[in-house]
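The structure appears below as structure tokens.
The values are calculated or read from the model by the stated rules, or taken from the named source; none is laboratory data. Here the structure is a predicted model, which is why all the values come from computation and not from measurement. As a convention, Cβ positions derive from the backbone with ideal geometry for all residues, glycine included, and neighbour counts pool all protein chains shown. Ligands, DNA and RNA are excluded from the accessible area calculation, which covers all protein heavy atoms including side chains. Shrake-Rupley method; radii C 1.70, N 1.55, O 1.52, S 1.80 Å.
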Amino acid sequence: MPYMTSFERIGREQGHAEGVREGLREGLQQGQSTLLKTLLENKFGVLTKPYQQRLDKADVNTLQQWGKRILTAQTLDEIF
């Protein structure tokens, strides 16, 4: 293993930590999207492509907002 300065080591550790955070964020988002899709399809039937695309592109905060709305919504438009 080649010699690394303390600056290189710190940079490497910071890069690794950022990669781990990004991976966790993506995993959380994917899990929430999958759960929300299942709940929506159970309540409203198969989602059309536009709704599926919105789910796929949504960030974690948006997915959480939509997840709360499913409790009282009567239509998909009330959620999205």
**Asked** So GLU26 clears everything in (1) modelled with pLDDT of 90 or more; (2) of a type in the set (Asp, Glu); (3) open to solvent by 100 Å² or more (accessible area, probe 1.4 Å) except one condition, right? Which one?
**Response** (1)
**Request:** State the number of residues belonging to the stretch 52-74 that are in contact with a helix residue (DSSP H, G or I) (Cβ under 6 Å, 6 or more places away or on another chain) and either open to solvent by 40 Å² or more (accessible area, probe 1.4 Å) or of a type in the set (S, T, N, Q) (or both).
**Result:** 1
